[in-house]
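Remarks on the structure that follows.
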Amino acid sequence: MSRTGSDSVGVMSLRNAMRVLAALTLLFLAPENANAAPCDSLMKLQLANTTITNARIVSPGAFHLRPRQRRSVEIFTAFDRLPAFCRVEATVRPSGDSHIQVEVWLPATAWNGKFLGVGNGGFAGSLSYFRLGEAVNSGYAGASTDTGHRGSARDSQWSIGHPEKQTDFDYRAVHEMTVVAKAAISAFYGRTPGHSYFSSCSNGGRQGLIEAQLYPADYDGIMAGAPAMHLGFRTFVSDKVDAFRDRGGKLVIYHGSGDAPQNSVDFFRLLQSRMGRNAVDAFMQLYIVPGMGHCGSGEAPNDFGQWVRPNADPEHSMLKALERWVELGVRPASVIATQWKEDGDTTSGVLRTRPLCPYPQTARWTGAGDKNDSKNYACGS
């Protein structure tokens, strides 16, 4: 046999061996609970008005997105470094005119026992793969929805003459996403999530508040950034979050001072005037982030856990601080925000840090020490 022929056989043998190894690896990537189910068995999930269209294990680093415009550096794009996960795709049709796309990503190993629902910006129209990626990368089971239509986040033409699609966008899609996600989690891991959280900004912030208002049992903690209070077609944010509070839910709202935060302030004050300050403080906090724009950006410390990263801690991550509040009853006193030398690039080095204080408190320099170091500031009214 020629050398070329021998080389070809060798390459084929190596490829076959790699395929076998990959198959064996995926075979053993099953959750440890004896009640757990293989990923592909989730195709048989029976849920009202729901069709599971795909359920399969994605090998480590095998998920790829189509090339798109350059994203901000803080947006998660390291799909090539993701661990293996069970990818569940579903279509939900709660009405004759509904077509809600949902994806649930379940870490095949090292699940942290928590569920993280993610939201959308603008008028949605697509799945938040970047948010799903950062969720799995940090050990969460994550879920996203397109809210019932496909298109640009700036386009609302799809809603004309479609009241059921308007309802899906307003509130129904995120709830249906949550129902599918919890069922998939229970089947795949053989147990329900220990705690469920929702984190998003803009329209996603509105989605979080609507969840607390209409479906108080969906999430234990909600982190709502710059909520677009008046975005919607027929259902809008109200202060009726009593049931969410009564079942122990915790709510954190953040809003940049450079992003017209008055609606968030008014919402907070409305709750205080109706419930009383102490009652509100027991389950809700508002953070006005000095100098920050919409959901981030601005020449100020603007990174505080709204982008989910592995090994985050409650001192620097608002999401982790929220989790500690829900799980251990420790109400956040402040969260440290960071400004990187290159906006959003954690590898560029720290330019300055500041504590973010629960409204109406603000961070004040103690009068000594470096003004770029958060430890030289204290929260006060």
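The values are calculated or read from the model by the stated rules, or taken from the named source; none is laboratory data. Keep in mind the model is a prediction, meaning the values are calculated, not measured. Please note: Cβ atoms are built from the backbone with ideal geometry, for glycine as well, and neighbour counts cover all protein chains shown.
Would you confirm, using the coordinates I've provided, whether I100 is β-branched (V, I, T), surrounded by 22 or more Cβ atoms within 10 Å (Cβ to Cβ) and under 20 Å from G204 (Cα atoms)?
Answer is yes for this residue.
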In region 292-320, what residues are buried (at least 20 other Cβ atoms within 10 Å of the Cβ) and farther than 27 Å from H195 by Cβ?
M292, P301
Conditions (1) crowded, with 24+ Cβ neighbours inside 10 Å; (2) hydroxyl-bearing (S, T, Y); (3) more than 17 Å from the chain's Cα centre (by Cα) -> S199 fails only (3)
Checking G161, G133, G148, G119 in turn, the sole residue that is closer than 15 Å to S202 by Cα and in the same structural domain as I57 (by TED's automatic domain parsing) turns out to be G119
Can you confirm whether F169 is part of a helix (DSSP H, G or I), surrounded by fewer than 22 Cβ atoms within 10 Å (Cβ to Cβ) and in contact with a Ser or Thr (Cβ under 9 Å, 6 or more places away or on another chain)?
no
From the options A183, A217, A212, A173, residue that is in contact with a helix residue (DSSP H, G or I) (Cβ under 7 Å, 6 or more places away or on another chain) and among the small types (G, A, S)
A212
Looking for whichever is touching a Phe, Trp or Tyr at 6+ places or on another chain (Cβ under 7 Å), in the same structural domain as P107 (by TED's automatic domain parsing) and more than 30 Å from A84 (Cα to Cα) here; the options are D155, D168. Which one fits?
D155
Subset tally (residues that are touching a helix residue (DSSP H, G or I) at 6+ places or on another chain (Cβ under 6 Å) and polar (S, T, N, Q)) for region 351-376
2
Scanning for something free of Cβ contacts under 8 Å to residues at least 24 places away in the same chain and outside any loop (DSSP other than H, G, I, E, B), does region 80-94 turn up at least one residue?
yes
Qualifying residue in region 194-217 (condition: in the same structural domain as L106 (by TED's automatic domain parsing), in contact (Cβ under 8 Å) with a residue 60 or more places away in the chain and part of a helix (DSSP H, G or I)):
no
Given (1) more than 19 Å from N311 (Cβ to Cβ); (2) surrounded by 15 or more Cβ atoms within 10 Å (Cβ to Cβ), identify the lone condition not met by P107.
(1)
Residues in region 173-187: is at least one hydrophobic (A, V, I, L, M, F, W, C) and not in a helix (DSSP H, G or I)?
no
Does region 325-338 contain any residue that is under 27 Å from the mean Cα position of the chain (by Cα) and of a type in the set (D, E)?
yes
Residues of region 210-227 satisfying the condition of being under 14 Å from the mean Cα position of the chain (by Cα) and among the hydrophobic types (A, V, I, L, M, F, W, C):
I222, M223, A224
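Every residue, every condition in (1) closer than 24 Å to S156 by Cβ; (2) of a type outside the set (D, E, K, R), yes or no:
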{"site": "G61", "(1), (2)": "no, yes"}
{"site": "F76", "(1), (2)": "no, yes"}
{"site": "R81", "(1), (2)": "no, no"}
{"site": "A84", "(1), (2)": "no, yes"}
{"site": "G117", "(1), (2)": "yes, yes"}
{"site": "G121", "(1), (2)": "yes, yes"}
{"site": "G125", "(1), (2)": "yes, yes"}
{"site": "E134", "(1), (2)": "no, no"}
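Quick check on my filter: what residues within region 228-244 are aromatic (F, W, Y) and closer than 20 Å to Y254 by Cβ? Give the derivation first.
Residues of region 228-244 that are aromatic (F, W, Y), as a first pass: 233, 236, 244.
Within region 228-244, just F244 meets the criteria.
Would you check if there is a residue in region 261-277 being of a type in the set (D, E) and farther than 20 Å from M229 by Cα?
Scanning region 261-277, I find no residue that is of a type in the set (D, E) and farther than 20 Å from M229 by Cα, so the answer is no.
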Would you be able to tell me the number of residues in region 154-180 that are without any contact (Cβ under 8 Å) to a residue 40 or more places away in the chain and under 21 Å from the mean Cα position of the chain (by Cα)?
1
Checking L328, L322 in turn, the sole residue that is touching a Lys or Arg at 6+ places or on another chain (Cβ under 7 Å), within 18 Å of K250 (Cα to Cα), in the same structural domain as A260 (by TED's automatic domain parsing) and not acidic (D, E) turns out to be L322
Among the residues of region 74-97, how many are surrounded by 15 or more Cβ atoms within 10 Å (Cβ to Cβ) and more than 25 Å from V180 (Cβ to Cβ)?
2
Count of residues meeting criterion [of a type outside the set (A, V, I, L, M, F, W, C), within 18 Å of P227 (Cβ to Cβ) and under 14 Å from the mean Cα position of the chain (by Cα)] in region 289-324
2
